[in-house]
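Structure, as structure tokens:
The values are calculated or read from the model by the stated rules, or taken from the named source; none is laboratory data. All values derive from a computational prediction rather than experimental measurement. Cβ placement follows ideal geometry from the backbone for every residue including glycine, while neighbour counts extend to all protein chains displayed.
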Amino acid sequence: MRMFKTFLIACITFLLVPVANADTPQSFSFTGSGFGHGVGMSQMGARAHALAGESATAILNYYYKDIVVAPIVDTQTIRVNIGHLLKSISFLSASPDSLIQIYAGEVVGPTEVAPLATFTAKQKVSLRVDEQGNVTGPVSGKTLTVRWSGPNSVITFSQPGSAVRYRYGQIQVRVVKGAFEVTNSLSLHDEYLWGISEMSSAWPAAALEAQVIASRSYALSKIGTIKPSCDCHVYSHIADQNFVGYSKEIEPKIGPLWKAAVIRTNIDSSTSLAILANGKPIQAYYFSSSGGATQTTLDAWGQPSSYTQSVADPAGLDPKINPRFANWKASASQDLVAKAFLLPEIISLEIVSRNTAGAVTYIKGTSADGSTKLLRGDTFRSRVKIPSPYFQLAQ
């Protein structure tokens, strides 16, 4: 009798265990062109225009609508998040005969306040946040200011997985919701832009200048508000702009070319060229390459802007200009695609619509129970980590 009950329980258990649907794909394949969201200035396009002899101003007027490239005051200090939600960090002088000084609180400008501690070039400063949100290490405090000084002084900031050198400004360390938010505060006019790494410094001068002006405009559009979540105006990565500090400036052979491009866009010590619409700096979106034409913010994200437009961008399809992404193949796992749609599984995908630029506007996912959801093409591209919204479903 006991054996029969055991057998019955086993049978019932087997029936209750979900069995994978044989028709559920394990992955999905895509083909396409371009890299990035497709809104604003195409960097590959800017390169092609520069190679054809066009100026930075001409390039920017081609990609952005109803704008002027004109001088604007840019003396602001920008606050760049260089470390987000961290539990451990460290600092070390990257140059001999330099000192690191750490102050309590946030220090602005010259100060006569004594630092909490001073460290020589060979002393590594390591800090941690414990489970109670307390800072442990040679100094402590919920808010700290890190400064470095000495001949050609450079500091190395390390976090798990990376170490980056910074030369300019100062660094703030703040505990927010039990983790470190680390920011580099420095001059937007030049020091911040010297560290922007969004384009190869070896590219033609006009393309570099167009990138500088676009990056400055983007930063100026963000300077008004400090985001509490990151204690910053902008992040140092793809959420805003890729900022790598002193590393960009000291690239072997080509680093000086980028710095020179920044300097050429400075009018004087307090004004520089920016992209303006109605007298204000625009949030100058840019990306690597398109699938043949750029798209507007309305096309990509459903939010209109006066200064984005769809224009032809053939460089993205030219293997000589864009060898990696003129044509690409990619795949995404079932798990990744299902998570993108917030459905338990996806048995089929359907491209519902495209815009005039050729990018996918909406894509539909269908689950095994018949449930369907729509995603914008660029949202889908971002969530499943394929190169661009200019894609097709591979058979």
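Across region 85-119, the number of residues qualifying as farther than 20 Å from residue 141 by Cβ and either free of Cβ contacts under 8 Å to residues at least 12 places away in the same chain or touching an Asp or Glu at 6+ places or on another chain (Cβ under 9 Å) (or both) comes to 1.
Per-residue answers, yes or no, for (1) without any contact (Cβ under 8 Å) to a residue 12 or more places away in the chain; (2) on the phi < 0 side of the Ramachandran plot; (3) outside the structural domain of residue 360 (by TED's automatic domain parsing); (4) outside any loop (DSSP other than H, G, I, E, B):
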position	(1), (2), (3), (4)
305	no, yes, no, no
319	yes, yes, no, no
323	yes, yes, no, no
326	no, yes, no, no
329	no, yes, no, yes
335	yes, yes, no, yes
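In region 309-329, the residue that is surrounded by the most Cβ atoms within 10 Å (Cβ to Cβ) out of those that are touching a strand residue (DSSP E or B) at 6+ places or on another chain (Cβ under 6 Å) and farther than 15 Å from residue 381 by Cα is 316. For region 131-161, taking the residues that are in contact with a Gly (Cβ under 9 Å, 6 or more places away or on another chain) and of a type in the set (Ser, Thr, Tyr), the one that is surrounded by the most Cβ atoms within 10 Å (Cβ to Cβ) is identified as 145.
Scanning region 176-210 for residues that are part of a strand (DSSP E or B) and at pLDDT 95 or above gives 179, 180, 181, 182, 183, 184, 185, 186, 187, 196.
Filtering region 37-88 down to residues that are in a strand (DSSP E or B) and more than 21 Å from the chain's Cα centre (by Cα), which residue is farthest from residue 103 (Cα to Cα)? Once the filter is applied, the top-ranked residue is 68.
With the condition kept exactly as written, say whether any residue in region 222-233 is assigned to a strand (DSSP E or B), within 26 Å of residue 121 (Cα to Cα) and touching a strand residue (DSSP E or B) at 6+ places or on another chain (Cβ under 9 Å). Within region 222-233, none of the residues are assigned to a strand (DSSP E or B), within 26 Å of residue 121 (Cα to Cα) and touching a strand residue (DSSP E or B) at 6+ places or on another chain (Cβ under 9 Å). Scan region 244-253 and tell me whether some residue there is closer than 30 Å to residue 181 by Cα, of a type in the set (Gly, Ala, Ser) and either crowded, with 20+ Cβ neighbours inside 10 Å or not assigned by TED's automatic domain parsing to the domain that holds residue 78 (or both). Yes, because at least one residue in region 244-253 is closer than 30 Å to residue 181 by Cα, of a type in the set (Gly, Ala, Ser) and either crowded, with 20+ Cβ neighbours inside 10 Å or not assigned by TED's automatic domain parsing to the domain that holds residue 78 (or both).
Here's the yes/no breakdown for (1) aromatic (Phe, Trp, Tyr); (2) touching a residue at least 60 places away in the same chain (Cβ under 8 Å); (3) in contact with a Pro (Cβ under 6 Å, 6 or more places away or on another chain):
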| position | (1), (2), (3) |
| --- | --- |
| 157 | yes, yes, no |
| 194 | yes, yes, no |
| 216 | no, yes, no |
| 253 | no, no, no |
| 258 | yes, yes, no |
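Select, from 36, 83, the only residue that is assigned by TED's automatic domain parsing to the domain that holds residue 359 and in contact with a Phe, Trp or Tyr (Cβ under 7 Å, 6 or more places away or on another chain). Of 36, 83, the one residue that is assigned by TED's automatic domain parsing to the domain that holds residue 359 and in contact with a Phe, Trp or Tyr (Cβ under 7 Å, 6 or more places away or on another chain) is 36. The single condition among (1) surrounded by 21 or more Cβ atoms within 10 Å (Cβ to Cβ); (2) out of contact with any Gly (no Cβ under 6 Å at 6 or more places or on another chain) that residue 336 does not satisfy is (1).
To keep it simple, each residue is scored yes or no on (1) outside the structural domain of residue 242 (by TED's automatic domain parsing); (2) within 25 Å of the chain's Cα centre (by Cα).
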| residue | (1), (2) |
| --- | --- |
| 259 | no, yes |
| 296 | yes, yes |
| 302 | yes, yes |
| 311 | yes, yes |
| 316 | yes, yes |
| 338 | yes, yes |
| 345 | yes, no |
| 353 | yes, no |
| 370 | yes, no |
